[in-house]
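The values are calculated or read from the model by the stated rules, or taken from the named source; none is laboratory data. If you're wondering where the values come from, they're calculated on a predicted model, not measured in any experiment. In this analysis, Cβ positions are derived from the backbone assuming ideal geometry, glycine residues included, and neighbour counts consider all displayed protein chains. Each accessible area value is taken on the protein alone, full model and side chains, heavy atoms only, with ligands, DNA and RNA left out. Shrake-Rupley method; radii C 1.70, N 1.55, O 1.52, S 1.80 Å.
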Amino acid sequence: EKGGYPFYMLKEIDEQPAVMRRLVQTYFDENGQPQLDKDLLAKLNEADRLYILAAGTSYHAGLVAQPIFEKLAQIPTEVHLASEFGYNTPMLSEKPFFLFLSQSGETADSRQVLVKVNEWGYPSLTITNSQGSTLSREADYTLLLNAGPEIAVASTKAYTSQIALQAILAQALGQKRGVAAAESLPLKGQLGTIANTMQSIVDEKQEMDDLAKKHLATTRNAFYIGRGYDYAVSLEAALKLKEISYVQAEGFAGAELKHGTISLIEDGVPVLAIITDERVASHTRGNIQEVRARGAQVITIAMESVAEADDDIVFPDVEPLLSPLVSVVSTQLIAYYTSLNRGYDVDKPRNLAKAVTVE
Ligand code: M6R
């Protein structure tokens, strides 16, 4: 069933290029135009604000999608942890639309919000990998990830497919609204390019194993930094590492180093920097110098246009808004190998369940 893989997580990481291609086949027509439920788009078009609700990795996929919705569809977008939204509901706009992101479709923290949304009578969509799941049944609309079963507790292909499907939805909405950025973005082609780029990273997985062995074999903690689009990825990268390798990891915005975290940097601490966003790349480079000067072991993951000669992982340029789809794959593999090399059961980390059905 694992198709020759030692763990499902590695199989699921490797499946990501195919999952991207399947999404393209499912949600674009032959002219390269996104094809989505017309009622859904009409309802979304009436909304004045999009509220994305999710937990864990799905929440991180929402954070990546927030600027995508705002740029491609010009819809103000907020992303909330479902649990916190439940206790501390923000003031809502006049015409809110709720998007629930959930691989399993069974997450209780998300469901408690959907129950309220239904009581309030607001429209909702669930993006899920699980047809017929609770969140799918209880929302007005469903879009399926079609990513195939995700068995490993650590979510990988659900994250990337959630981002891609939200981008498709954002483009479809933006086109309906006549947003130039949505009309000019060749999203179908970009997702194909991204699938190829993901493939080149999974083909080079030995590099990530080597980096994990060199920098993460015995460390008790690690930091991920990024700015702009790379910040959201650094949060996901840190979650993946801590979840399966039990390394205490933190992802944070590069600028925040000098507001506190830099006091934790000492000799030998691994700092993983993600650099794809050219608006802020030079500032992240500055952070790298600051932590190196304090003895950190720096690992860099960079996109070609902002890469430097001694970067550890460099991947070809893709549309910057979508770069998290690619940069995250290296971090998934680094987390995988760190766990594997420490001898843990990668697919079943201690204390965790695949679907969290209690609040
Ligand atoms: O099924 P969901 O997407 O709603 O699950 C949400 C989180 O429980 C999940 O993403 C969790 O954080 C993962 N184990 C992280 O890898």
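Local charge sum around Asn118 (other residues, Cβ-Cβ under 14 Å, Lys/Arg +1, Asp/Glu -1)?
0
With no solvent and one point per C-alpha, what does the Debye sum give as log10 I(q)/I(0) for the range 70-147 at q = 0.11, 0.13, 0.27 Å⁻¹?
Those come out to -0.27, -0.38, -1.37, one per q.
In whole Å, what are the Cα extents of the range 186-229 along the three principal axes, biggest one first?
Its Cα atoms span 43, 28, 9 Å along the three principal axes.
For the chain, what does the relative contact order come out to in percent, with C-alpha contacts under 8 Å and a separation of six or more?
Values: 693 pairs, mean separation 71.0, N = 359.
This gives 20 percent for the chain.
Kindly provide log₁₀ I(q)/I(0) values, in the same order as q = 0.13 Å⁻¹, from the Debye equation applied to equal alpha-carbon scatterers of the range 219-290.
Summing over Cα pairs of the range 219-290 leads to -0.33.
Quick one: order Arg285, Arg21, Arg342 from most to least accessible surface, probe 1.4 Å.
Of Arg285, Arg21, Arg342, the descending order of accessible area is Arg21, Arg342, Arg285.
May I have the pair-distance distribution P(r) for the range 285-345, computed from all Cα-Cα distances with 5 Å bins from 0 and rounded to whole percent?
It works out to 4, 15, 20, 20, 19, 14, 6, 1, in whole percents.
Using all alpha carbons of the range 181-256, what is the percent of pairwise distances in each 10 Å bin, ordered from the shortest bin to the longest?
Spelled out bin by bin, the range 181-256 gives 17, 32, 36, 13, 3 percent.
Calculate, for the chain, the solvent-accessible area per residue in square angstrom, rolling a 1.4 angstrom probe over the heavy atoms of the protein chains. Walk me through the intermediate numbers first.
Working: 14400 Å² over 359 residues.
Ligands and nucleic acids excluded, the figure is 40 Å² per residue.
Only Lys, Arg, Asp and Glu count, each charged at its Cβ (+1, +1, -1, -1), so figure out the dipole size of the chain about its Cα centre, rounded to 20 debye.
So the dipole magnitude of the chain works out to roughly 420 debye.
Can you send over the carbon and sulfur percentage of the accessible area for the range 202-281, probe radius 1.4 Å, protein chains only?
47 percent
Using only C-alpha atoms and all pairs of different ones, pull out the Kirkwood radius for the range 1-82 in Å with one decimal.
Numbers: mean 1/r = 0.0651 Å⁻¹.
Here the Kirkwood hydrodynamic radius works out to 15.4 Å.
Treating only the Cβ atoms of Lys and Arg (+1) and Asp and Glu (-1) as charged, compute the dipole magnitude of the range 126-242 about its Cα centre; round to the nearest 20 debye. Mind dumping the intermediate values first?
On the way: 12 positive and 11 negative charges, 44 e Å.
Roughly 220 debye, rounded to the nearest 20.
Averaged across orientations, what area in nm² does the convex hull of the alpha carbons in the range 102-247 project?
On the way: hull surface 45.0 nm².
Mean projected area for the range 102-247: 11.3 nm², to one decimal.
Let me check something: with ligands and nucleic acids excluded, how do His259, His80, His283 order by accessible area (1.4 Å probe), largest to smallest?
His259, His283, His80
Quick check: the distance between the Cα centres of the range 114-149 and the range 176-223, to the nearest angstrom?
About 27 Å separates the Cα centre of the range 114-149 from the one of the range 176-223.
For a 23 Å ceiling on Cα separation, which of these pairs sit above it: Lys213/Lys354; Lys71/Lys188; Lys188/Lys240; Lys157/Lys242? Intermediate values should be presented prior to the final figure.
Values: Lys213/Lys354 27 Å; Lys71/Lys188 17 Å; Lys188/Lys240 28 Å; Lys157/Lys242 18 Å.
Checking Cα-Cα distances, Lys213/Lys354; Lys188/Lys240 exceed 23 Å.
How large is log10 I(q)/I(0) at q = 0.08, 0.13 Å⁻¹ when the Debye formula is applied to the Cα atoms of the chain, each weighted equally and without solvent?
Log-scaled intensity ratios, in q order: -0.37, -1.01.
How do Thr26, Thr300 stack up against each other in accessible area, from largest to smallest, with a 1.4 angstrom probe? Could you put the intermediate results ahead of the total?
Details: Thr26 65, Thr300 5 Å².
Result of the area sort, largest leading: Thr26, Thr300.
Would you list, by chain and number, the aspartates and glutamates whose Cα falls below 14 Å from the Cα of Lys214, excluding same-chain residues fewer than 8 positions away?
Here the aspartates and glutamates satisfying the reach criterion relative to Lys214 are Asp312.
Please list, short to long, the whole-number percent of alpha-carbon pairs of the range 243-359 in consecutive 10 angstrom bins beginning at zero.
Per 10 Å bin, starting at zero, the Cα-Cα P(r) for the range 243-359 comes out as 12, 37, 34, 16, 1 percent.
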